[in-house]
Amino acid sequence: MFQPAGSAASEETQDPKTLLIPTATSHSPTPASTPHCHISLSPGSKQLRLVDGGGSCSGRVEILDQGSWGTICDDGWDLDDARVVCRQLGCGGALSALKFAQLGQGSGPIWLDELNCGGKESHVWRCPSRGWGQHDCGHAEDAGVVCSGFVRLAGGEGPCSGRVEVHSGEAWTPVSDGNFTLPTAQVICAELGCGKAVSVLGHVPFRESDGRFWAEEFRCEGQEPELWSCPRVPCPGGTCHHSGAAQVACSGEMQVRPFISVDTLFM
Ligand SMILES: [Ca+2]
Ligand SMILES: [Ca+2]
């Protein structure tokens with residue numbers, strides 16, 4: 001939900017759980033059994049997660065309904081469908097839509113088949129399909145996604161330093177340097193597998209984003225598993241007080257993340 005500098009923020013952005021993307025998506029606390037896993041809760045009972053992809057933003061797509069985690073069939077599975085999944089989870093944009101259970105077969109129900117998302121839907125289960133639980137598939141056809149992730153460091157010498165940018169699901173957008181603190185930088189460096197934050201700079205011109213910037217400030221305490229989990233507030237009065245984009249330098253080069261369980265295929 002980027003916006004031009006100086007434009008008004010809407011009143012409905014007061015609840016930090018609904019701030020990021022203008023959908024009903026919310027973000028649940030991370031369950032102990034699936035560390036660093038993005039899970040999206042809907043107002044109903046369904047939940048969405050990615051499994052066996054080596055990180056929180058790639059994996060086999062699984063949906064919880066009626067007490068059972070199930071999968072999506074790959075018939076008709078494409079980037080428009082994957083885009084909805086990635087955005088719903090706060091995982092940025094879709095890099096690829098995987099077929100044929102490339103990230104392993106799930107079990108239980110196959111909830112969706114012949115999914116036909118337009119790409120803008122707020123929840124993957126709101127996309128057209130054969131109908132809930134209706135399919136002619138097996139788990140060898142389970143669908144997966146690789147998402148971009150929510151945060152990156154851009155314009156630096158490598159993936160571990162540069163301008164802080166977050167992904168709305170549509171585009172990368174810089175984060176302003178207003179109230180941007182070291183604990184937030186620590187969370188970003190750790191999430192990216194880049195070690196510790198060693199410096200935070202501001203005053204980076206927004207010119208590469210045509211003046212757009214992310215319309216929220218992140219208020220990490222430093223221990224959060226990822227930036228997406230951090231408290232955030234709308235920029236005061238709809239205008240982030242800033243002098244440019246935030247820039248972070250981390251101590252390390254890209255490292256293998258400790259929770260990677262499959263391989264680094266997509267790093
Ligand atoms: Ca489709
Ligand atoms: Ca089918």
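What follows draws every value from the coordinates through simple rules; no lab data is involved. This one's a predicted model, so the numbers in the text were calculated from it and none came from an experiment. Don't worry about glycine lacking a Cβ; one is built from the backbone with ideal geometry, like all the others, and counts go over all protein chains shown.
How would segment 36-147 be classified by its alpha-carbon gyration tensor: rounded, prolate or oblate, with rounded meaning a/c under 1.5 and the a/b versus b/c comparison settling the rest? Because its axes are fairly even, with a/c under 1.5, segment 36-147 counts as rounded. Once the Cα-Cα distance is subtracted from the 0.36 nm per residue extended length, the Thr181 to Ala140 segment shows a gain of 10.2 nm. Our coupling estimate for segment 106-114, obtained by passing each phi through the Karplus curve with A = 6.51, B = -1.76, C = 1.60 and θ = phi - 60°, is x, 9, x, x, 10, 7, 9, 9, 6 Hz, Gly and Pro reported as x.
The phi-based Karplus calculation (6.51 cos²θ - 1.76 cosθ + 1.60; θ = phi - 60°) puts the 3J(HN,Hα) values of segment 78-85 at 8, 5, 5, 5, 4, 4, 5, 4 Hz, whole numbers, x for Gly and Pro. With R₀ fixed at 41 Å, the C-beta to C-beta distance from Ser243 to Ser122 puts the FRET efficiency at about 0.75.
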